[in-house]
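Below is one structure; the comments refer to it alone.
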Amino acid sequence: MSKFKIATFVSGLILGVGISIGSVALAASTNVTLLPVKFIVNKVDKTPLNGQFFDNGIKVPASIVYSGTVYAPVKMVTSMLGYSTNWDAKNKSLLIGDSKTGLLLSDQNPIQTEGSVKLNNKMSIGKQEFNKGFLFADNKANVMYNLDGKFSTFTFQFGLDDSKTYPRPGTLRVIGDGKELWQSPVIVGAPAQETKIDISGVLQLDIRMECKDSLGTRISVVNPLVTK
C-alpha cells in the first residue's frame with residue numbers, strides 16, 4: 001500500500017464503508033492510505049480498472065483508508081448498485097435513486113423506439129458497469145418520452161459500451177419538441193462522460209444516436225434522470 005499526504009484542505013461527499021455517509025474534511029498533512037479493494041456486487045466483480053474511478057472525466061481513487069475506515073465515492077458505489085446520484089445544492093441533499101423531484105427515464109415506458117434500444121440492460125463504459133439506462137446497438141436508433149413540460153433538467157452519463165469488439169465512434173443528440181438541445185461525439189477510449197441539459201417546458205424528449213459506419217456501434221446512456 002502507498003501513502004500520500006493531502007497538501008490542501010479537501011472536502012467532499014464520500015461513502016464510509018460500514019458506518020457513515022457524510023461530508024468529511026481532511027486537514028492539511030493528514031495521512032491517508034491508498035488501499036485498492038475489490039467491489040463484489042451480488043457475486044459480480046465490479047472493481048474499477050486500476051483502482052480508479054472517472055467522475056465526469058476526472059480520475060480519482062476508487063478507495064482510500066482514513067482512520068481505519070475504508071471510503072469510496074458515493075457516485076461509484078451507487079452506480080454499481082444501479083442507482084443514480086445527484087446533488088441538490090439548494091437543500092444540501094444527496095439524492096440517490098428516485099426522489100420526489102426526479103424520474104429515471106429508463107424505468108418508464110417510452111412512447112417510441114426505433115432501431116435497437118435496450119432498457120436497463122447490463123452496460124459497461126471504461127470498465128465501469130451500469131444497469132440503468134439505454135443501450136443503443138445500431139447505426140441509428142432513438143427513444144422518446146412524454147414529459148408534458150413537468151421537468152427542468154436532464155442529466156445522464158454516456159460513452160461507447162465495452163461490449164463492442166471493434167468500437168466505432170458515433171454521435172449522441174437530445175431533441176426537445178423537434179429542436180436540438182444538445183449533441184456530442186462519442187469517441188473511442190473515453191471514460192463515461194456526464195452532461196446536464198435544460199429541458200424546461202419540453203413536452204416530448206427524444207434521445208438519438210447515429211454512427212456513420214454501416215456496421216453500427218454500441219452507445220450507452222446511463223442513469224438518465226429528469227428533475228423538476
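Bear in mind that the values in this text are calculations on the coordinates, not laboratory data. Being a predicted model, the structure only gives us computed values, none of them experimental. Every residue, glycine among them, receives a Cβ derived from its backbone with ideal geometry; neighbour counts consider all protein chains shown.
In order along the stretch 148-158, phi translates into HN-Hα couplings of 6, x, 8, 10, 10, 9, 10, 10, 6, 10, 8 Hz, rounded to whole numbers, per the Karplus curve 6.51 cos²θ - 1.76 cosθ + 1.60 with θ = phi - 60° and x for Gly and Pro.
When each of Asp107, Asp161 is scored by the number of other beta-carbon atoms lying within 10 Å, the sequence from fewest to most is Asp107, Asp161.
When only alpha carbons are used to place a centre, the stretch 208-222 and the stretch 51-119 end up 23 Å from one another.
By the scheme Lys and Arg +1, Asp and Glu -1, what is the net charge of all other residues having a beta-carbon under 11 Å from that of Phe151? If you can, show how the numbers build up before the last one.
Numbers: positive: Lys150, Lys228; negative: Asp148, Asp198.
Taking every Cβ under 11 Å from that of Phe151, the sum is 0.
For the pair Glu114 and Lys228, what calculated FRET efficiency results from E = 1/(1 + (r/R0)^6), where r is the Cβ-Cβ distance and R0 = 35 Å, to the nearest 0.05? Using R0 = 35 Å, I get an efficiency of 0.80.
Ordered by the number of other Cβ atoms lying within 10 Å of each residue's own Cβ, fewest first, Val74, Val143 fall into the sequence Val74, Val143.
Work out the FRET efficiency for Asp213 and Glu180 from their Cβ-Cβ distance, taking R0 = 22 Å, and round it to the nearest 0.05.
Taking R0 as 22 Å, the efficiency between Asp213 and Glu180 is 0.50.
Measuring between alpha carbons in the structure, the pairs from Lys90/Lys122; Lys132/Lys164; Lys140/Lys164; Lys38/Lys90; Lys43/Lys92 lying more than 25 angstrom apart are Lys90/Lys122; Lys38/Lys90; Lys43/Lys92.
So which trypsin sites (Lys or Arg not before Pro) in the stretch 54-160 are both in a DSSP loop and have at most 12 other Cβ atoms within 10 Å of their Cβ? Could the numbers behind the result be given before it?
On the way: sites: Lys59, Lys75, Lys90, Lys92, Lys100, Lys118, Lys122, Lys127, Lys132, Lys140, Lys150; in loops: Lys90, Lys92, Lys100, Lys122, Lys127, Lys132, Lys150.
Those that pass, being in a loop and sparsely packed, are Lys90, Lys92, Lys100.
With both labels modelled 7 Å from their Cα along Cα-to-Cβ, the Val188 to Lys150 distance reads 4.3 nm.
Treat the count of other C-beta atoms within 10 Å as a stand-in for reagent exposure and order Thr85, Thr33 from fewest to most. If you can, show how the numbers build up before the last one.
Values: Thr85 19, Thr33 14.
With the fewest neighbours first, Thr85, Thr33 line up as Thr33, Thr85.
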